[in-house]
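The values are calculated or read from the model by the stated rules, or taken from the named source; none is laboratory data. Bear in mind that the values here come from a model prediction, so they are computed numbers and not experimental data. Counting neighbours? That spans all protein chains shown, and the Cβs are built from the backbone with ideal geometry, glycine included. To get the accessible areas, we keep the full protein, side chains included, count just its heavy atoms, and leave off ligands, DNA and RNA. Shrake-Rupley method; radii C 1.70, N 1.55, O 1.52, S 1.80 Å.
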Amino acid sequence: MKKVIIICLTALNLNVFAQTQLAIPDTLVGPSYTLNMHEDSVQFFPTGNISHTFGFNQYQYLGPTLIFNKGTNVNITVNNQIGDTTTVHWHGIHLPSKWDGGPHTPILPSASWNPQFTVMDNAATYWYHPHPEMKTAEQAIKGAAGLIIVRDPIEAALTLPRKYGVDDFPLVVQCQQYDSSNQAMPLGMQDSTLLVNGARANYGGNSVYGNFPAQVVRMRILNASGERAFNFGFTGNKQFYQIASDGGLLDNPYLTTRVRLAPGERAEILLDLTGMNGQTLYLMSYASEFSMGIQGGPTMPMPGGPSMDSPLNGIDFNIMQINVVPQTLNPVTTIPTTLTTNSPYTAGMANVTRTIRFTADSLMVMDGPFYFNDSTFNMMRIDYQIPLNNIEIWKLVNETMVAHPFHIHDVQFFVIDRNGNPPGPEESGRKDVVFIPPGDSVMFITKFEDFADTIIPFMYHCHILMHEDDGMMGQFVVIPSTVGITEIDSENDALVVYPNPATEKIHFKIKDVSTIKQLSIVVYDQTGRLIFQSVINTSDSSIDVSHWSKGFYTANIYDGQRIIHKKIIIQ
Ligand code: C2O
Ligand code: CU
Ligand code: CU
């Protein structure tokens, strides 16, 4: 009993007075993953109330890091234990819209959802977070987020630090606003509470510290804030190399002293600490260098406007202390000269250019609502129908007085133009978020490939979560093109499913039985759980459903050329 009390007091002391060691979230390696999203609480503040939080699995706040290997099939079970409708979105990952976790695929309270997909993305740092209609900010800032690390053979062949938590450090950086009863506020313009991997980083002289070995270390930085942008750098203007942007490696390591990350953006950097054993440095945000209009930069004087006075605005502040400790065994001490070869599409390959203007009711608007092309998000309106395999240029023009990080689902893109100039090295790799300060105009190019679904759209939106929830969002469907695989909805008579409703057996009768010999059938229940998967011969095409529970199911039937969707009812 005595022992227990001592441990508690020590833990409390550490929490309130001393420094907090950087927490490294556990990894989950798959191919099957379970994420239990639950309500929890954290004593973030030395006095006053606990803060109500959301966490995944064993965590009170944030969640484990998912490791995905490119080319493998993964299967994730998300259990919703937060007492509210949610979704989980795999930010940056290219997958079918029904598994994307956007607002059209809600997970009801106490329900489960079971997305399964092939990992097609390049090695980089991605993340997951909720995305329910109008509640993304509220749920994400309570802590429902985690990292995804994709590994692939190209990255694996490079001499890079990749010992997770040893020389390869995940850093989820957030700045949040808490109300007088210590609860996270979805409005973040006076955000002043910094969190690094879920630990408070700036109170009472406290800070988060990491023990980093005296060799080349890698940091995977995610800005998971609702609003604030960071201008990351190190004390003494120590140089570092950016090696990856949101969705993959850059062609070459880019030597720099700053990396600017807006909400949703990630960067991987290499910091060479060789020969620095025993020294201390700080990861900083040099926000004094931001221009007005960038969230976290100098506050724009706006008489009568909303207060944006966070004490962190427009100043340089430290985020994390780095204590350099002895080298590990087999340290990485060199920086590769080349990393990969990105081959962006060229402007001449584009089928279409779409222009999206960022707008507001007036130029005085600082806190929203903001719009795309003057219209607010509408769940019932599809903004664009994009033919499968289209290569498109999207031109984003910011006509407001504040910056917006634009994010699109389904694809990674390449920035091809910023204000008439080619992109800098830091944004010449694969991206899924691009930050657009007031007055800027950016063009990116991308291809909408692999996944068509005429029903469930993908989202694009501002990743300032409050702007997103306020309607700065749109949606598109990717529609089957005439070449390649086409998708046919249930009204088509190419395939008959009978009896439907069924009790014992279901038959699949294909019209074209002379040329199509086999059908691949995948059936999901209403929560998205995989119920049945098999290849059957068209000559004997029935499946036994006598043990299936009553209800509605969706069958995706692939005949070699087409995917046909059918609703099935079991009585
Ligand atoms: Cu990170 Cu649509 O979101
Ligand atoms: Cu996303
Ligand atoms: Cu915005």
The chain: calculated mean residue ellipticity at 222 nm from DSSP helix runs of at least 4, using -39500 (n - 2.57): -1500 deg cm²/dmol
Longest exposed-site-free window of the chain, the sites being chymotrypsin sites (Phe, Trp or Tyr not before Pro) in a DSSP loop that have at most 15 other C-beta atoms within 10 Å: 204-571
As computed over the stretch 185-287, the Cα convex hull volume per residue (Å³): 114
Two-site FRET efficiency, Lys395 against Thr159, from Cβ-Cβ distance with R₀ of 35 Å, rounded to 0.05: 0.35
Inter-probe distance in nm under a simple model that places probes 7 Å from Cα toward Cβ, at Asn237 and Asn252: 2.2
Positive dipole terminus of the stretch 323-481, leading residue within Asn342, Val434, Val324 (C-beta point charges): Asn342
Contour excess over end-to-end distance, with Cα ends at Glu289 and Met364 and 0.36 nm allotted per residue: 24.7 nm
Label zone at Ala494 (point 7 Å along Cα-to-Cβ), backbone N below 18 Å, the stretch 383-411: 387-389
With at most 13 other Cβ atoms within 10 Å, longest stretch of the chain clear of loop GluC sites (Glu not before Pro) (DSSP): 1-490
Local net charge near Thr136, Cβ-Cβ under 10 Å (Lys/Arg +1, Asp/Glu -1): -3
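What full-extension length gain, to one decimal in nm, is calculated for Glu449 and Met120 as 0.36 nm per residue of separation minus the Cα-Cα distance? Walk me through the numbers on the way to the answer.
Numbers: separation 329, 0.36 × 329 = 118.44 nm, distance 1.14 nm.
Gain on extension, Glu449 to Met120, equals 117.3 nm.
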Share antiparallel - DSSP beta bridges, the chain, percent rounded to 5: 70
Calculated Rg and Dmax of the stretch 347-479 using C-alpha coordinates, Å: 14.3, 42
Within-10-Å neighbourhood charge of Ser375 [Cβ basis; K, R +1; D, E -1]: -1
Relative compactness, the stretch 495-570, computed as alpha-carbon Rg over 2.2 N^0.38 Å: 1.02
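Let's see if you can work this out: charge +1 on each Lys and Arg Cβ, -1 on each Asp and Glu Cβ, no other charges. What is the dipole magnitude of the chain about its Cα centre, in debye to the nearest 20?
Values: 34 positive and 51 negative charges, 236 e Å.
Magnitude of the dipole: close to 1140 debye.
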Inter-part distance where the stretch 218-261 and the stretch 420-470 are each reduced to a Cα centre, Å: 18
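What does the net charge come to around Val119 if you take all other residues with beta carbon closer than 12 Å to its beta carbon, with K and R at +1 and D and E at -1?
Net of charged neighbours comes to 0.
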Spin-label pair Thr353/Thr280, simplified geometry with 7 Å Cα→Cβ offset, distance in nm: 5.3
Debye, to nearest 20: dipole size of the stretch 98-239, +1 on Lys, Arg Cβ, -1 on Asp, Glu Cβ: 320
Gain upon complete extension [Ile315, Thr27; 0.36 nm per residue less C-alpha separation]: 100.2 nm
Two-decimal log10 I(q)/I(0) for the chain, as the Debye equation yields it once each C-alpha is a single scatterer, q = 0.08, 0.11 Å⁻¹: -0.56, -1.03
Label-point separation in nm, Ser539 to Val522, each point 7 Å along Cα→Cβ: 2.8
Cut-off under 5 Å, modelled amide H: who pairs with Ile107 long-range: Thr86, Thr87
Rounded to the nearest 10 Å², the accessible area of Thr159 at probe 1.4 Å: 90
Cα long-axis angle, helix 2-16 against the chain (0 to 90 degrees, to the nearest 10): 80
Residues in the stretch 502-538 reached by a label modelled at Gln571 [backbone nitrogen below 19 Å; 7 Å Cα→Cβ]: 502-508
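Do you know the relative contact order of the chain, to the nearest whole percent, from alpha carbon pairs under 8 angstrom that are 6+ apart?
Values: 1521 pairs, mean separation 65.4, N = 571.
Taking the mean separation of contacting Cα pairs over the length of the chain, I get 11 percent.
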